[in-house]
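The values are calculated or read from the model by the stated rules, or taken from the named source; none is laboratory data. Quick caveat: nothing in here was measured; it's all calculated off a predicted structure. Here Cβ is always computed from backbone atoms with ideal geometry, including for glycine, and neighbour counts include all displayed protein chains. We work out accessible area using only protein heavy atoms, side chains counted, and drop any ligands, DNA or RNA first. Shrake-Rupley method; radii C 1.70, N 1.55, O 1.52, S 1.80 Å.
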Amino acid sequence: MYRSWIVKLTSRARFSTVCLHAGQEPDPSTGAIVTPIYQTSTYVQDELGVHKGYEYGRTQNPTRLTVERNLAAIEGGTAAYAFASGMAAIGAIATMLRAGDHVIVSDNVYGGTFRLFDQVLSRYQLSFSYVDTSVLDRVEEAVRPNTRMLFVETPTNPILSITDLRAAADLAHAHDLRLVVDNTFASPYNQRPFEFGADLVTHSTTKYLNGHSDSIGGVVIAVREDDIEWLKFVQNAEGAILGPFDSWLVLRGTKTLPLRMQRHNESGMALATFLASHPKVRHVYYPGLPTHPQHDLARRQMRGFGGMIAFELGSLESARRLLNGVRLLSLAESLGGVETLISHPATMTHASVPAERRTALGITDGLVRISAGLEDLEDLKEDLTQALDGV
Ligand SMILES: Cc1ncc(COP(=O)(O)O)c(C=O)c1O
């Protein structure tokens, strides 16, 4: 039932073809090749109880349905549900839990995910253990009789630590836990968690999937029938849906995902190498570098290493000088867009993580994060060189 929409694609269709076409058909009323933005709150019914499958905009919208089908195919899942933000998507996943349940979470998750679990969901008799999921023995030790979910981010934000997805899936299933993977940092071009046994994959579509820094959104992709039924129900019941225009923007974004990711990967690798040899830089975190502690694992489970790089400058003052000295790189939160962004995790993306936790995770005051965009690499290196000269 869920796959009937891959009308034009053969079962052999390769990734780029899937990105471009999956879920999309010419618009039935005009033949428009691009799915229109169905900016409507309701649908007129032919007669009482007779309609075209669309009743109310929160419940069904053709533009959203198209991007959901597209994203499900891109991740290799069965069905996808699109939400108003990446956090709304993670919030929907959390509704699968019941009071008393326990969740094991990668200790270095996105600060907003930590904030949702730690400050909101902990009020509802849910408990969370933050564990270095790159060390599976620690995960095993953290399992309790009431553990229901293993929530993994890999690579993590911002330290880019890698979790072995196949081993995590085996461990989760041995204890009857759902393995949830936040695949935002890698993108489905670089990493496909379902192939390793994940049960649910989530993304902030705000990042690589939309890719153009002009939309906020999130998605959950599922494979199990019971999860699919629940997510569909919750998307309507809670109502944190992705709007039609944002759905259309993400659909436009995924058409070029493979091309953009190739360039993000190339520039990420080149900038990480450049920074690693710079005398002002003390340490570079990038899974593509042979010095990364899980480089071999990253090579096995990722097709490319992405555009995210973190590096240590030693002090807040050095970080400040660099961040204030760049001209082409933009000082901004977020990642995965066409423009190269530079940020300071300790005071920006991870400000909601308590200082001691940040220090323990390596999110020091001297840590800087770059999201490599699509500008000419030489221009990026020139800008970083001039800004590092001032450090
Ligand atoms: C890994 C990761 N997951 C989830 C989110 C939350 O997404 P959003 O900002 O779209 O709510 C972010 C945001 O930066 C993120 O980096």
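For the chain, the longest principal axis of the Cα atoms and the long axis of helix 165-174 meet at an angle of about 60 degrees.
The heavy atoms of Thr30 present about 100 square angstrom of accessible area, all protein chains included, probe 1.4 Å. For segment 1-141, the alpha-carbon radius of gyration amounts to 1.38 times the rule-of-thumb value 2.2 N^0.38 Å expected for a compact globular protein.
Rank these residues by their accessible area, most exposed first, probe 1.4 Å: Glu375, Glu68. All intermediate terms of the calculation are to be shown ahead of the outcome.
Values: Glu375 40, Glu68 10 Å².
Ranked list, largest accessible area first: Glu375, Glu68.
Summed over all non-identical Cα pairs, the Kirkwood treatment of segment 174-276 gives a radius of 15.3 Å.
Calculated [222 nm] ellipticity per residue, helices only, for the chain: -10500 deg cm²/dmol; basis is -39500 (n - 2.57) per DSSP H run with n ≥ 4, divided by all residues, nearest 500. Within the chain, DSSP assigns beta bridges of which about 55% are antiparallel (rounded to the nearest 5). Annotation: per residue accessible area for the chain equals 42 Å², rounded to a whole number [probe 1.4 Å, protein chains only]. The trypsin sites (Lys or Arg not before Pro) of segment 299-367 meeting both criteria, a DSSP state outside H, G, I, E and B (loop) and at most 13 other C-beta atoms within 10 angstrom of the site's C-beta, are Arg327. Provide the FRET efficiency to the nearest 0.05 for the Glu356-Glu238 pair, computing r from the beta carbons and using R0 = 41 Å. Between Glu356 and Glu238 the formula returns 0.75. Put a plus charge on the Cβ of each Lys and Arg, a minus charge on the Cβ of each Asp and Glu, and nothing anywhere else: the dipole of segment 299-374 about its Cα centre is then about 320 debye.
What is the percent carbon and sulfur in the accessible area of the chain, measuring with a 1.4 Å probe over the protein chains and ignoring ligands? Answer for the chain is 52 percent, counting heavy atoms of protein chains only. Three principal axis extents of segment 232-391 based on alpha-carbon atoms, in descending order, are 53, 36, 35 Å.
Taking Lys280, Lys52 and ordering them by how much accessible surface each has at a 1.4 Å probe, largest first, produces Lys52, Lys280.
Let me test this: with uniform point scatterers at the alpha carbons of the chain, what is the Debye-based log₁₀ I(q)/I(0) at q = 0.11, 0.13 1/Å? So the normalised log intensities are -0.78, -1.07.
Note on Thr347/Glu225: beta-carbon distance plugged into 1/(1 + (r/R0)^6) with R0 of 56 Å gives a FRET efficiency of 0.80. Calculate how steeply helix 225-238 sits against the longest principal axis of the alpha-carbon atoms of the chain, using the helix alpha-carbon long axis, and give the answer as 0 to 90 degrees to the nearest 10. Approximately 90 degrees, to the nearest 10. Of the residues Thr35, Thr273, ranked by 1.4 Å probe accessible area with the largest first, the sequence reads Thr273, Thr35.
What is the distance in Å between the Cα centres of segment 253-316 and segment 152-225? Their Cα centres are 18 Å away from one another.
Think of each Lys and Arg Cβ as +1 and each Asp and Glu Cβ as -1; about the Cα centre, that makes the dipole of segment 1-149 roughly 160 debye.
Taken about its Cα centre, segment 122-205 carries a charge dipole of about 280 debye when Lys and Arg each add +1 at the Cβ and Asp and Glu each add -1 at the Cβ. How far is helix 257-276 tilted, in degrees, relative to the longest principal axis of the Cα atoms in the chain, given as a value from 0 to 90 rounded to the nearest 10? Value to nearest ten degrees: 10.
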